[in-house]
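Each remark here refers to the structure printed beneath this line.
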Amino acid sequence: MEITSYFLIMVFTLSGLAIGYGENSFNVLDFGVIGDGKTDDSNAFVKAWRSACGAAGGAPTLTIPARKSYLLKSIRFTGPCRSNSIRVQFEGSIVAPNSRSQWTGCESAKWMQFVNVKGLVITGTGQIDGRGYIWWRKKPNQFNHTEHNNGRTSTCKAPNALHFNKCDNLRLEGFTSRNSPNKHISIQNSNGVSISNLRIDAPGNSPNTDGIDISSSSQVNIKDSFIRTGDDCIAIKGGSSYINITHVTCGPGHGISIGSLGFGSGSQNVEEVHVRNCDLTGSTNGARIKTWPRGNPGYARAITFEHIRVSSCKYPIIIDQGYHELLTGAKVKVSDVTFRDFRGTSMTPVAIKLDCSELSCNNIVLDNINLSSARPGKPVTSFCRNVHGKAISTVVPHVPCLSSS
Ligand SMILES: *[C@@H]1O[C@H](CO)[C@@H](O)[C@H](O)[C@H]1NC(C)=O
Ligand SMILES: *[C@@H]1O[C@H](CO)[C@@H](O)[C@H](O)[C@H]1NC(C)=O
């Protein structure tokens, strides 16, 4: 008897250590989380986060266990944490309130945000459900809202599901995000980001539901993910550089976009973005660079899109500096952009649209392109304005503004 219980204790202790339930492991269920999908678990999650974030020693783990559903309202996980890395083991599902009146704290337009957390890893097979349909149905996409506790009236805006600000060395892997009210994942001011094996899913007609949005960040690697949305699959915005996007399947949605640039405050520069081996199906655009005609100066340069499969894209290849307006007064310069090895079909007759401002786009290279119409027997063409560059190997449709070599 005694030997048996001693043995059991030993087994539990050892297996506990092996899977990380040491003193540096924190389970949200130990902080009063209910996990019935109806009770607001936000406060308990914040308590659990504070404990994990305040833990000294080797990488603390915050566990969100499987087979439960956690209802969270707007919530902020703040650092800096004591340890220089922190892991969130995310199983089960996190759900948003399913009516607007239940939302609180959403004037920030963020649902879950991590701020100033270094070395954050969020991994697991968990699911996030933003229940965006309560936001998409009506316009405007915001409403006035009175907080119950203090009677203050604030404006609630459709929130992004997951937002990261100043999270260097961030890793996101394995989980699913569905039906975000606004963008699914937005990352800002973060260097060293690795994203893999994510699944992002929202209807093709849902407004503003970008898959992954990167701004003012560098050294970012996005790979092996499936993204279906109503807006950009991935958008790379101002202040971003050294971004790799590999083996991502997009569609429906608006494709993989650089920009838009030239709008708003902050850096309007993007450079060293490399998109490889991606599939775009039924998206409005394939590979896009878009800039606003008026506004702030900036540049988009050293960008490659290669080994891209497109299927029924409206504009498989597009540089659009006329975005929403006239071409005069543009201050964003586009140069050193290569589109290499594109195959597939276009929904519109203009499969390649290179529409640059008076500043002109320089060193635009099209190499080994073969696009045909998604409507059998119909021709496809190209459009050019203010473009300098060259066509290498076979380029179909022909792009007359490029010199051939
Ligand atoms: C991007 O890809 C290039 C070439 O494969 C590699 O040298 C570079 O380290 C990658 N950058 C990131 C941030 O993963
Ligand atoms: C382009 O693709 C079409 C259909 O996929 C094919 O029939 C055609 O031969 C290709 N053209 C070139 C120049 O590779």
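The values are calculated or read from the model by the stated rules, or taken from the named source; none is laboratory data. Just so it is clear, the structure is predicted and the values come from calculations on it, not from any experiment. FYI the Cβ positions are ideal-geometry reconstructions off the backbone, even for glycines, and counts take in every protein chain you see. Note: areas computed on protein heavy atoms with side chains; ligands, DNA, RNA excluded. Shrake-Rupley method; radii C 1.70, N 1.55, O 1.52, S 1.80 Å.
Table for the structure above
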item: All positions within region 218-247 that are under 26 Å from Ala302 (Cα atoms) and touching a Lys or Arg at 6+ places or on another chain (Cβ under 9 Å); result: Ser225, Phe226, Ile227, Asp231, Asp232, Ala235, Asn244, Ile245, Thr246, His247
item: Among the candidates Ile256, Ile245, residue that is buried (at least 23 other Cβ atoms within 10 Å of the Cβ), touching a residue at least 40 places away in the same chain (Cβ under 8 Å) and touching a Cys at 6+ places or on another chain (Cβ under 8 Å); result: Ile256
item: Test result for Gly264, away from ligand 1 (no atom under 16 Å from the Cβ), out of contact with any Phe, Trp or Tyr (no Cβ under 7 Å at 6 or more places or on another chain), free of Cβ contacts under 8 Å to residues at least 40 places away in the same chain and under 21 Å from Val332 (Cα atoms); result: yes
item: Filter result for Thr284 (in contact (Cβ under 8 Å) with a residue 24 or more places away in the chain, in contact with a Gly (Cβ under 9 Å, 6 or more places away or on another chain) and of a type in the set (S, T, N, Q)); result: yes
item: Search result, residues across region 209-246 that are over 12 Å from the mean Cα position of the chain (by Cα) and either part of a strand (DSSP E or B) or away from ligand 1 (no atom under 16 Å from the Cβ) (or both); result: Ser218, Gln219, Asp224, Gly230, Gly238, Ser240, Ser241, Tyr242, Ile243, Asn244, Thr246
item: Residue that is within 15 Å of ligand 2 (Cβ to nearest atom), within 28 Å of the chain's Cα centre (by Cα), open to solvent by less than 30 Å² (accessible area, probe 1.4 Å) and charged (D, E, K, R), where the choices are Asp355, Asp341; result: Asp341
item: Residue among Val88, Val117 that is open to solvent by less than 20 Å² (accessible area, probe 1.4 Å) and assigned to a strand (DSSP E or B); result: Val88
item: Matching residues, region 369-391, being open to solvent by 50 Å² or more (accessible area, probe 1.4 Å), assigned to a strand (DSSP E or B) and within 16 Å of ligand 2 (Cβ to nearest atom); result: Asn370, Ser372, Thr381
item: Test result for Val396, buried (at least 19 other Cβ atoms within 10 Å of the Cβ) and more than 28 Å from the chain's Cα centre (by Cα); result: no
item: Pairs, first closer than 12 Å to Leu172 by Cα and small (Gly, Ala, Ser) in region 106-128, second open to solvent by less than 10 Å² (accessible area, probe 1.4 Å) and assigned to a strand (DSSP E or B), C-beta under 6 Å, six or more apart; result: Gly124/Phe90; Gly126/Phe90
item: Residue satisfying all of: in region 123-138; in a loop (DSSP other than H, G, I, E, B) and open to solvent by 40 Å² or more (accessible area, probe 1.4 Å); modelled with the lowest pLDDT among these; result: Lys138
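Each row is one residue, and each column tells you yes or no for (1) among the acidic types (Asp, Glu); (2) open to solvent by less than 40 Å² (accessible area, probe 1.4 Å); (3) not in a strand (DSSP E or B).
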position: Asn43; (1), (2), (3): no, no, yes
position: Lys47; (1), (2), (3): no, no, yes
position: Ala52; (1), (2), (3): no, yes, yes
position: Ala56; (1), (2), (3): no, no, yes
position: Ala59; (1), (2), (3): no, no, yes
position: Thr63; (1), (2), (3): no, yes, no
position: Tyr70; (1), (2), (3): no, yes, no
position: Arg76; (1), (2), (3): no, no, no
position: Cys81; (1), (2), (3): no, yes, yes
